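Colleague: For reference, the structure I am asking about is given below.
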Protein chains: 2
Amino acid sequence: MPVDNSANNYDQNLAAVVNTTQGSYRVIVGRDVVDDLGSELKKTGLEGRAFLVADVVMFPSALRRAQEALERGGYETHVLALEIGEANKNLETVQVVYEWLADMRAERRDIVVAMGGGVTGDLVGFAAATWLRGVAVVQVPTSLSAMVDSSIGGKTGVNIAKGKNLLGAFHQPKLVLQDIAHLESLPAREMAAGWAEAVKHGLILDAKLLDKFERLAPQMAALEGEEPVAAIRRSVAIKSEIVSADEFENGNHRILLNYGHTIGHAIEKVSGYGTYLHGEAVAIGMMAAAGIAERLGMIDSELVERQRRVLQSYNLPTTANDLSVNALIEATKSDKKSRSGTIRWVLLEGPGKATTRRDVPNDVVRDAVQSILD
Amino acid sequence: MPVDNSANNYDQNLAAVVNTTQGSYRVIVGRDVVDDLGSELKKTGLEGRAFLVADVVMFPSALRRAQEALERGGYETHVLALEIGEANKNLETVQVVYEWLADMRAERRDIVVAMGGGVTGDLVGFAAATWLRGVAVVQVPTSLSAMVDSSIGGKTGVNIAKGKNLLGAFHQPKLVLQDIAHLESLPAREMAAGWAEAVKHGLILDAKLLDKFERLAPQMAALEGEEPVAAIRRSVAIKSEIVSADEFENGNHRILLNYGHTIGHAIEKVSGYGTYLHGEAVAIGMMAAAGIAERLGMIDSELVERQRRVLQSYNLPTTANDLSVNALIEATKSDKKSRSGTIRWVLLEGPGKATTRRDVPNDVVRDAVQSILD
């Protein structure tokens, strides 16, 4: 079994190191790196047993491959496959994980491995954060949006009936391992939604990455060759830098990641959660934000249209149907980041350059929101 | 309303500053300091609304006094009084707190204030740790054991059917405020159980404090004059120093606080939780640990008897009835701190001086445990 990559290979697959008050950790991105899960985990110095909790869609082959990799690394591994989705991202499902950990007598030195999409990472991460006051967690995200976004930064979350992600904890992983091969079975729509977050990283912070996403769209979407892997790695690095600079989202860095999210969240809420995927709503939200920046004279219409073309080339929507301007604007006001006062808008100043503004006039917002409605 | 203490008074009431990766916080101990709750909270720089969650036994007068103090500090204050005890220290009760916070739209900048005994601090602290990925919490412990022990150090905990405190998080408070006046209504048995933890601090780390507890037992137990307040403050300072040195209990400091706890936990478990109060079981456990140290030649019988006399002078039990040696020894093996291998015993080397040992022969343990059974 070829589990020993060369030192060069490791360097190439290492997308980022995230530095936090809870310690530093590596984010590894590459094809077939799941086979290195055990050897990479060993490098963290963690001992104990591995408790692999996976979305049932990983069952049986992807899950078995991960388990075997852990066992090759010398970890006694136990597996729990669960149906995990937005509909059961709640404390009842977390309790299923708790019960299993209790039955297995999981201890403080043991390791929880979360394998699946964003919901799996959020929910299993929460269980690890709260089991015995926090045990080590390894994130193995298998969707593109989880890879470039939610698996990095330690945010975990669970819904209650009264609201999404109202429960959670900051619980940084000890390792994030992203196997590009897992994306090959991802539905096209989810893949596109993931590209929205990756393109967003280019738009707000890296003009070169944006160029690449623009130039190589068909190749990216088909996951052909090394360019898509390199682009995901770069996107991961951007997210990692931001998290390292602003771990708890109380500075001026992490908020930039919310580009497109104010209107995006409103679209998800008003259309009913599940109508649009999160990344789709963010794509439309980014068009609204670009519209605001254009109206404020921060960017020209050329950049707005360029953003639209890039998003469209990844099969992302840039307008929404059948939603009311008033309902959307009302929904932005109840967004949890804005309740205490004015909304802090993330707006572009140019390609690869974002800033925040609080002084956006209501009629500018209304105009820009109107412009993204069919 | 006289809420302004002099600068001298503040210095006197400040028992300790705890330094952690989540920030530093003050522990204030004094009579009637609950009236300063709002002004002390203000000094932390926290803004937002205050969500005061209290054990229903605080209702109405103690609770109203705390609420008024918060309001005098300028905090919009909302109050939830709950029946909180070991029997409902579970996720269902935490969910009651979540629902209330959701209904009140509690935000990240808001503050949860936990007022009650140890169970209240554990459970409300857990709710605060997991609400919106953690909001500020202030601990206002009202039992002696919560004051000298559980309110300091950021441990929170909730039971599931399969085990006690299996859920939890390290979530450091922003302020701990302890009003000695709250102890006046505490039942005598709970008061004694609290003294067990305070005396323990003297035994393991401070010979002078131990002397004081020995010399002034009647005065302490009656909470007469300033000596008991000073002794509680010193006990709080010891706990705070240890937490600052070993926040996550992975060093060699925090474990010393477990003096008497290995057998203490076994006694609680074998006798059925609730038969002995935690502090009572720890008192008996400390006698077993002293017996081990004596048999290993680490201390002489004089110190063992001195420890017994001190504990008895606080109306604490030093022997247990109707428990089997085998059952107790079996229970120590399933203690969560020992499952992975040998038990790490905390043992005295002299008055005010503790250390840890792993090499305790089984027959020494058996003998010492036998000696604490009637």
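Colleague: If one computes the Cα centroid of segment B:156-217 and of segment B:276-330, what distance in Å separates the two points?
Modeller: 18
Colleague: Probe of 1.4 angstrom, ligands and nucleic acids ignored: what's the accessible area per residue over chain B, in square angstrom?
Modeller: 38
Colleague: List the distances, in nm to one decimal, from the label point of B:E99 to the label points of the same position in every other copy, shortest first, placing each label point 7 Å from Cα along the Cα-to-Cβ direction.
Modeller: 2.1
Colleague: Please report the net charge: other residues with Cβ closer than 11 Å to the Cβ of B:E241, K and R +1, D and E -1.
Modeller: +1
Colleague: According to the square roots a ≥ b ≥ c of the eigenvalues of the Cα gyration tensor, what is the shape class of segment B:100-177, taking rounded for a/c under 1.5, prolate for a/b larger than b/c otherwise, and oblate for the remainder?
Modeller: Oblate is the answer for segment B:100-177, as a/c is 1.5 or above yet b/c matches or exceeds a/b.
Colleague: Run the quick spin-label model on B:R309 and A:D367: label points 7 Å from Cα toward the beta carbon, then report their separation in nm to one decimal.
Modeller: Between B:R309 and A:D367, the simple spin-label model gives 8.8 nm.
Colleague: Are there GluC sites (Glu not before Pro) in segment A:53-159 that DSSP puts in a loop and that have at most 15 other Cβ atoms within 10 Å, and which ones?
Modeller: The qualifying sites are A:E76, A:E83.
Colleague: Provide an ascending nm list, one decimal, of label-point separations from A:R64 to the equivalent residue in each further copy; define each label point as 7 Å from Cα along Cα→Cβ.
Modeller: Result for A:R64, in nm, nearest copy first: 6.9.
Colleague: While we're here: Could you work out how much longer the chain between A:D300 and A:A161 gets when fully extended? Use 0.36 nm per residue separation minus the Cα distance between them, nm to one decimal.
Modeller: Extra length available between A:D300 and A:A161 comes to 45.8 nm.
Colleague: Calculate what fraction, in whole %, of the accessible area of the protein assembly as shown sits on carbon and sulfur atoms when a 1.4 Å probe is rolled over the protein chains.
Modeller: Of all accessible area on the protein assembly as shown, carbon and sulfur atoms account for 48 percent.
Colleague: Chain pair A, B: how much accessible area is buried, both chains summed, with a 1.4 Å probe, in Å² to 100?
Modeller: The contact between B and A buries close to 3200 Å².
Colleague: Compute the semi-axes of the equivalent ellipsoid of chain B, taking the square root of 5 times each eigenvalue of the Cα gyration tensor, and list them largest first in whole Å.
Modeller: The three semi-axes for chain B are 35, 23, 18 Å.
Colleague: Just from its helices, what would the mean residue ellipticity at 222 nm be for chain A, if runs of 4 or more DSSP H residues each count -39500 (n - 2.57) and the sum is divided by every residue, rounded to the nearest 500 deg cm²/dmol?
Modeller: The helix contribution divided over chain A gives -13500 deg cm²/dmol.
Colleague: For A:K43 and B:N250, what does the FRET efficiency come to when R0 = 22 Å and r is the distance between their Cβ atoms, rounded to the nearest 0.05?
Modeller: 0.65
Colleague: Suppose we look only past 38 Å in the calculated P(r) of the protein assembly as shown. What percent of the Cα-Cα pairs does that tail hold?
Modeller: In whole percent, the share of Cα-Cα pairs in the protein assembly as shown beyond 38 Å is 44.
Colleague: Within segment A:262-290, name every residue whose backbone N is under 16 Å away from a label modeled 7 Å from Cα of B:R105 along the Cβ vector.
Modeller: Under cut-off, by backbone N: A:266.
Colleague: Further question: Counting only other residues whose beta carbon sits under 11 Å from that of B:N252, what net charge do I get with K and R as +1, D and E as -1?
Modeller: 0
Colleague: Give me the orientation-averaged projected area of the Cα convex hull of segment A:1-152, in nm², one decimal.
Modeller: So the Cα hull casts an average projection of 8.7 nm².
Colleague: Here's another thing I want to ask about it. By DSSP, what percent of the beta bridges with both residues in segment B:6-185 are antiparallel, rounded to the nearest 5?
Modeller: Here the share of antiparallel DSSP bridges comes out near 25 percent.
Colleague: Among all the lysines, which ones have a C-alpha under 30 Å from A:K42's C-alpha, if same-chain residues fewer than 8 places away are not counted?
Modeller: The qualifying lysines are A:K155, A:K174, A:K239, B:K155, B:K333, B:K336, B:K337.
Colleague: Heavy-atom accessible surface, probe 1.4 Å, ligands and DNA/RNA ignored: which residues of segment A:100-121 lose at least 10 Å² versus the isolated chain?
Modeller: A:A102, A:D103, A:R105, A:E107, A:R108, A:R109
Colleague: Moving on. Quick one, what does Rg over Rh come out to for segment A:221-296 if you take C-alpha atoms and the Kirkwood Rh?
Modeller: Result: Rg/Rh = 1.05.
Colleague: Treating the point 7 Å from Cα along Cα-beta-carbon as the label, what are the nm separations from B:Q219 to the other copies, to one decimal?
Modeller: 8.4
Colleague: Follow-up question, since we're still on this one. How much net charge surrounds B:T142 when only the other residues with a Cβ under 9 Å from the Cβ of B:T142 are counted, with Lys and Arg +1 and Asp and Glu -1?
Modeller: Counting the neighbours of B:T142, the net charge comes to -2.
Colleague: Could you give the length gained on full extension between B:K208 and B:R31, defined as 0.36 nm per residue of separation minus the Cα-Cα distance, in nm?
Modeller: Separation in residues times 0.36 nm, less the Cα-Cα distance, equals 61.4 nm.
The values are calculated or read from the model by the stated rules, or taken from the named source; none is laboratory data. Computed from a predicted model, the values in this text were never measured in an experiment. FYI the Cβ positions are ideal-geometry reconstructions off the backbone, even for glycines, and counts take in every protein chain you see. Surface accessibility is based on the protein's heavy atoms, side chains included, excluding ligands, DNA and RNA. Shrake-Rupley method; radii C 1.70, N 1.55, O 1.52, S 1.80 Å.
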